[in-house]
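Only one structure is covered here, and it is reproduced in the block below.
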Amino acid sequence: MKTILYARVSTADQTLDHQLTQAEGAGFKIDTVVTDRGVSGVSTKLAERPQGKRLFDMLRSGDTLVVRWVDRLGRNYQDVCDTIREFMGRGVVIRTVINKMTFDGATKDPIQKAVRDALIGFVAATAEAQAEATKAAQRAGIEHAKASGERYKGRKPSFTREQFETVRDRLRLDDVNER
């Protein structure tokens with residue numbers, strides 16, 4: 001039985017370190033860390049992410065999956081609900097660092113199952129609503145900048161001008177060498 005931390009960040013300027021630090025600070029003894037970088041929890045299902053696929057392959061009955069919060073699994077209501085239920089069906093326990101929530105398939109009592117399922121739905125809906133609110137705030141900020149005459153520059157570039165030119169020059173050389 002292993003304890004696996006799944007950590008995800010969606011932008012290049014975010015770090016994964018704090019998710020491990022928080023989990024260890026909450027008393028989790030992590031055996032394996034599985035991370036996805038630069039992957040959206042809104043548009044990409046967990047099972048379709050590079051390391052999400054690995055996670056589905058790794059988890060076995062008796063394992064514990066630790067996430068900082070359920071939004072690390074995803075920000076799509078249906079995907080989060082389906083993922084948690086899939087893992088519980090396999091005998092995996094899902095635990096969150098924030099709020100110390102535990103989701104498992106251990107209970108047989110129908111009332112406890114209903115409460116658990118309602119809670120799963122609530123936290124999944126909260127993750128999606130938070131993502132939608134963030135997008136709405138972003139759009140409002142962009143519109144405000146445009147309306148006030150500021151030039152909207154878009155997101156920060158992924159590469160420096162120098163990096164871009166290096167890649168461009170190498171591609172040109174490759175193209176010349178192929179001829």
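Structure data summary
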{"quantity": "Computed helical MRE - 222 nm, the chain, DSSP H runs ≥ 4 contributing -39500 (n - 2.57), nearest 500", "calculated": "-16500 deg cm²/dmol"}
{"quantity": "Sparse-neighbourhood loop sites, trypsin sites (Lys or Arg not before Pro) in segment 56-113 - DSSP loop, at most 16 other Cβ within 10 angstrom", "calculated": "R60, R90, K108"}
{"quantity": "Rounded to whole Å, sorted largest first: equivalent-ellipsoid semi-axes of segment 127-166, Cα gyration tensor", "calculated": "27, 18, 4"}
{"quantity": "With at most 15 other Cβ atoms within 10 Å, longest stretch of the chain clear of loop chymotrypsin sites (Phe, Trp or Tyr not before Pro) (DSSP)", "calculated": "1-151"}
{"quantity": "Within the accessible area of segment 44-150 (1.4 Å probe), percent carbon and sulfur", "calculated": "53 percent"}
{"quantity": "For segment 91-135, Kirkwood radius (reciprocal of mean inverse C-alpha pair distance, Å)", "calculated": "11.8 Å"}
{"quantity": "Kirkwood hydrodynamic radius of segment 27-115, from inverse mean 1/r over distinct Cα pairs, in Å", "calculated": "13.6 Å"}
{"quantity": "Stokes-Einstein D (µm²/s) once Rh is taken as the Kirkwood radius of segment 1-59 over alpha-carbon pairs, at 25 °C in 0.890 mPa s", "calculated": "204 µm²/s"}
{"quantity": "Three semi-axes of the equivalent ellipsoid, segment 87-179, Cα gyration tensor, whole Å, largest first", "calculated": "47, 26, 10"}
{"quantity": "Segment 1-142, relative contact order [Cα under 8 Å, separation at least 6], %", "calculated": "23 percent"}
{"quantity": "Candidate lysines for bridging to K45, where Cα separation is under 23 Å - those fewer than 8 sequence places away on the same chain excluded", "calculated": "K53, K135"}
{"quantity": "The chain - accessible surface per residue (Å², probe 1.4 Å)", "calculated": "64 Å²"}
{"quantity": "Segment 93-108 and segment 14-46: distance between their alpha carbon centers, rounded to Å", "calculated": "17 Å"}
{"quantity": "Helix axis angle, 110-147 relative to the chain longest principal axis, alpha carbon, degrees", "calculated": "20 degrees"}
{"quantity": "Compactness relative to 2.2 N^0.38 Å, alpha carbon Rg of the chain", "calculated": "1.30"}
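The values are calculated or read from the model by the stated rules, or taken from the named source; none is laboratory data. Predicted, not measured: the structure shown is a model, and the values here were computed from it. Positions of Cβ are backbone-derived with ideal geometry, glycine not excepted, and every protein chain shown enters the neighbour counts. With ligands, DNA and RNA removed, areas are computed over all heavy atoms of the protein, side chains included. Shrake-Rupley method; radii C 1.70, N 1.55, O 1.52, S 1.80 Å.
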